[in-house]
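Notes for the one structure printed next.
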Amino acid sequence: MSSSTLEATELGTLLRYWRDMRGTSQFDLSLDTGISQRHISFIESGRSVPGRQILLEIAQVLDIPLRDRNTLLLAAGYAPIYADGAWNGAEMQSVTRALERMLRQHEPYPALVMDRYWNVLLTNDASPRFFNRFIDMAQRKGPRNMLHLMFDPDGMRPFIANWAETARGLFERVYRESVGRVIDEKTKDLLATLLAYPDVRPEWQAPQAMGAMPMIPLSFVKDGGLLNYFSMVTTVGTPQTVAAQELRIECLFPADDATERQHALG
């Protein structure tokens, strides 16, 4: 079998995977892209290799993450077009400056930047001040992962008043906020490590009915009182690099006046 035939077969397998993942038939994909159903069938069967622009149009319609679009291009024999450098690389300077500005402007409330696996990359000054009120963050080994911080009995877990509800909500967020709405192998490994913590139940991964509240507050117990927050997550619009697509900034906001007054006091 020639190398071009191997590439076509791998491409067809990948394309069929993403089409199935999105629940899209060949006919629907044909309508959405303007590419004939026959041509799509030939691509998936390995009988045809599409031009790069056609492949990119298919990837756009299927909402394939940029990292995986590079994989599709390679499988078709094309060079990747989406930069896959470090989140703080030279091509990301404008994005990182914007993130740093957002972090500063969110003071005195905690805000942080995470990668797709919930590893903390940047924080504002309020974040370590907040978490150090509960635990000694210097004793935790890097990389600092927000999910582990919340699930670990030696982390923030003992101070979360509604921990079981919060843990369920975090599982839901992992699925909902995954890049391209796809759980990759590394995310599966992360979920497995969370399930290994004491008293974490597998059924918490199942979706739960929504309550009457507009959000689930994150409540911390401090000195006999409660600090109540909700979070807002921001991502980069129209990203053109892998790192830009996989970054997100999470900001905690006071959910009541009493919590807001605590931050005003410093």
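Considering Val95, Val49, the condition of being of a type in the set (A, V, I, L, M, F, W, C), surrounded by 16 or more Cβ atoms within 10 Å (Cβ to Cβ), assigned to a loop (DSSP other than H, G, I, E, B) and touching a residue at least 40 places away in the same chain (Cβ under 8 Å) is satisfied by Val49 alone.
The set of residues in segment 107-134 being open to solvent by 20 Å² or more (accessible area, probe 1.4 Å), assigned to a loop (DSSP other than H, G, I, E, B) and either closer than 26 Å to Val182 by Cα or of a type outside the set (Asp, Glu) (or both) consists of Pro108, Tyr109, Asp115, Arg116, Tyr117, Asn132, Arg133, Phe134. Scanning segment 251-266 for residues that are of a type outside the set (A, V, I, L, M, F, W, C) and either in contact with a His (Cβ under 6 Å, 6 or more places away or on another chain) or open to solvent by less than 20 Å² (accessible area, probe 1.4 Å) (or both) yields one hit, Thr259. Can you tell which of Pro198, Pro239 is out of contact with any helix residue (DSSP H, G or I) (no Cβ under 6 Å at 6 or more places or on another chain) and at pLDDT 90 or above? Unique residue meeting the criteria: Pro198.
Residue-wise test of (1) free of Cβ contacts under 8 Å to residues at least 40 places away in the same chain; (2) closer than 27 Å to Ala243 by Cα; (3) open to solvent by less than 20 Å² (accessible area, probe 1.4 Å).
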site: Leu14; (1), (2), (3): no, yes, no
site: Arg22; (1), (2), (3): no, yes, no
site: Leu31; (1), (2), (3): yes, no, no
site: Ile58; (1), (2), (3): no, yes, yes
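Only one of the listed residues (Ile35, Ile64, Ile81) is exposed (fewer than 14 other Cβ atoms within 10 Å of the Cβ) and in contact with a Leu (Cβ under 9 Å, 6 or more places away or on another chain). That residue is Ile81.
Only one of the numbered conditions (1) surrounded by 13 or more Cβ atoms within 10 Å (Cβ to Cβ); (2) closer than 23 Å to Ile183 by Cα; (3) in contact with a helix residue (DSSP H, G or I) (Cβ under 7 Å, 6 or more places away or on another chain); (4) not basic (Lys, Arg) is not met by Ala86, and that is (1). Residues of segment 78-109 that are under 26 Å from Tyr175 (Cβ atoms) and in contact with a Lys or Arg (Cβ under 8 Å, 6 or more places away or on another chain): Tyr82, Asp84.
The values are calculated or read from the model by the stated rules, or taken from the named source; none is laboratory data. Please read all numbers here as calculations on a predicted model, not as lab measurements. With ideal geometry, Cβ positions are generated from the backbone for all residues, glycine too; neighbour counts draw on all protein chains shown. Side chains included, ligands, DNA and RNA excluded: accessible areas come from the protein's heavy atoms. Shrake-Rupley method; radii C 1.70, N 1.55, O 1.52, S 1.80 Å.
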